[in-house]
Amino acid sequence: MPEVRFFLSLTTAELLRYYQGGARFILVQATDGRKVRFPAANLRPFVTHDGVRGWFRLVFDAQGKLQRLEKIP
């Protein structure tokens, strides 16, 4: 399965914009330089009191459909 790796750092104030409906998607730049957009709702399992921070991996199926978002330890 194809995948995209990226680092993400969003504060709680930045995340609030997504939860209030001001934005529905997150745009990130992958380690290989590609820009990828995915639904902000996929971040919910990773939200802490400080926001979201860390390395992540988006995994896609052969047709390019997002299968899952994983946090990389």
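Annotations
- The apolar share of the surface of the chain, taken as the fraction of accessible area on carbon and sulfur atoms (1.4 Å probe, ligands and nucleic acids excluded), comes to 51 percent.
- What the chain shows is 70 Å² of accessible area per residue, with the surface traced by a 1.4 Å probe over protein heavy atoms.
- Calculated P(r) of the chain - Cα pairs past 19 Å, %: 31
- Selected from Gly51, Gly33, Gly21 as most flexible by GNM, with the chain as the system and alpha-carbon contacts under 10 Å: Gly21
- A simple spin-label model places pseudo-atoms 7 Å from Cα toward Cβ; at Arg68 and Gln29 they are separated by 2.9 nm.
- Peptides ranked, highest mean first, by Cβ atoms within 10 Å: ranges 34-42, 58-66: 34-42, 58-66
The values are calculated or read from the model by the stated rules, or taken from the named source; none is laboratory data. Worth saying up front: this structure is predicted, and the values here are computed from it rather than measured. All Cβ positions, glycine included, derive from the backbone under ideal geometry; neighbour counts span all protein chains shown. Calculation scope for accessible area: heavy atoms of the full protein, side chains included, ligands and nucleic acids excluded. Shrake-Rupley method; radii C 1.70, N 1.55, O 1.52, S 1.80 Å.
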